[in-house]
Amino acid sequence: TMRAGHYENNAASVELMLRGAPEVISDIVGYGVEFDKEDNGEYQYTREGAHSAYRILHHDDLTGREITEKLLKEARGRENIEILEYAAMVDLMVKDGRAVGVVMRYRGELMPLYARAVVLATGGIGGLFKNSTNFRHITADALAIALIRGIKTQDVSYIQIHPTALYSNKPGRRFLISESVRGEGAVLLNKAGERFTDELKPRDVVSAAIHRQMEKDGMDHVYLSVTHLNKEMVPRRFPNIYKKCLEEG
């Protein structure tokens, strides 16, 4: 994990995350999240970029949706949690150098919402890019407000990226071709059908290799091939990606 982050990671944060992972997994499984298992009942693991071992739990190829839906259901059932849908944060309220709440637009009106703590968890900046797997409304609004209000930020130039998305000229989001497809053995090919990089290097390394290859080939895409893999495995392991690719021809 440190190597994949070029050793610029906060070592204490990395250790906290990794040592705490089993407990977090136990918690979310307790909330109803289901991860894929082998026939013997043991968890089925996959791997992603920069991983030397199979250590990633998954639910088909929709792990994020599975976790989000189950946690949202759990949150809705808690009496101490109130979810206001279609409420938009407009600004932070700051007093004596600290956030004391937010100004929000809700049901057509502007209103204050006071709080002991404010967490800005509004996504990244992916919607600003032409090609992104993010929704278009993920446009760094919270980051902009934080900068305006003098909140200290760190490493804002570091953007989480996915090296592989399904090529398209259509407007809107790009369809994610999960990193675990490469983890299961898919290979990247240039226009001549030749493999040009190690697909399991860290994301930034793989992305840079793809970019170089596209410039070299004079192309705006490369190919990701699974034709050498077990024919039964691909639709079983990646049913939604398989379905989307068929829909796109």
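The values are calculated or read from the model by the stated rules, or taken from the named source; none is laboratory data. Quick caveat, the model's predicted, so the values are computed rather than measured. FYI the Cβ positions are ideal-geometry reconstructions off the backbone, even for glycines, and counts take in every protein chain you see. For accessibility, only protein heavy atoms count, side chains too; no ligands or nucleic acids. Shrake-Rupley method; radii C 1.70, N 1.55, O 1.52, S 1.80 Å.
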To the nearest 20 debye, the range 74-119 has a Cα-centred charge dipole, built from +1 on Lys and Arg Cβ and -1 on Asp and Glu Cβ, of 100
Where the centre of each part is set by its Cα atoms, how far does the range 167-225 sit from the range 64-96, in angstrom?
35
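Per residue, what accessible area does the chain have, given a 1.4 Å probe and all protein chains present, in Å²? Don't jump to the answer; show the numbers that get you there.
On the way: 17410 Å² over 249 residues.
Heavy-atom accessible area per residue stands at 70 Å².
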Roughly what angle does helix 63-76 make with the longest principal axis of the chain, taking Cα atoms, 0 to 90 degrees, to the nearest 10?
20
So what's the net charge close to TYR43: Lys and Arg +1, Asp and Glu -1, counting the other residues with Cβ under 13 Å from its Cβ?
-3
Give me a comma-separated list of calculated 3J(HN,Hα) values for the range 161-176, in order, Karplus coefficients 6.51, -1.76, 1.60 applied at θ = phi - 60°, integers in Hz, x for any Gly or Pro.
10, 10, x, 10, 9, 5, 5, 7, 9, 6, x, x, 5, 9, 7, 6
Could you pull out every residue, at least 5 positions away or on a different chain, whose amide H is within less than 5 Å of the one on VAL94? Hs are placed 1.01 Å off N in the peptide plane, and Pro or chain starts have none.
VAL100
So how do THR133, THR1, THR227 rank on accessible area, 1.4 Å probe, biggest first, that is with the largest at the start?
THR227, THR1, THR133
Give me the dipole magnitude in Debye, nearest 20, for the chain about the Cα centre, with unit charges on the beta carbon: positive for Lys and Arg, negative for Asp and Glu.
620
Within the range 181-226, report the trypsin sites (Lys or Arg not before Pro) that DSSP leaves as loop and that have at most 10 other Cβ atoms within 10 Å.
none
Could you count how many Lys pairs in the chain have their Cα atoms under 17 Å apart, skipping same-chain pairs fewer than 8 positions apart?
6
Can you compute the modelled spin-label distance between ILE159 and HIS59, with each label point 7 Å from Cα toward Cβ, in nm?
2.9
Simple label model, 7 Å out from Cα along Cβ direction - HIS221 to VAL29, nm
4.0
Expressed as a whole number of Å, what is the distance separating the alpha-carbon centroids of the range 100-126 and the range 1-51?
30
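How large is the helix-only mean residue ellipticity at 222 nm for the chain, computed as the sum of -39500 (n - 2.57) over DSSP H runs with n ≥ 4, divided by its residue count, in deg cm²/dmol to the nearest 500?
Values: 7 runs with 76 residues, N = 249.
One gets -9000 deg cm²/dmol as the mean residue ellipticity at 222 nm.
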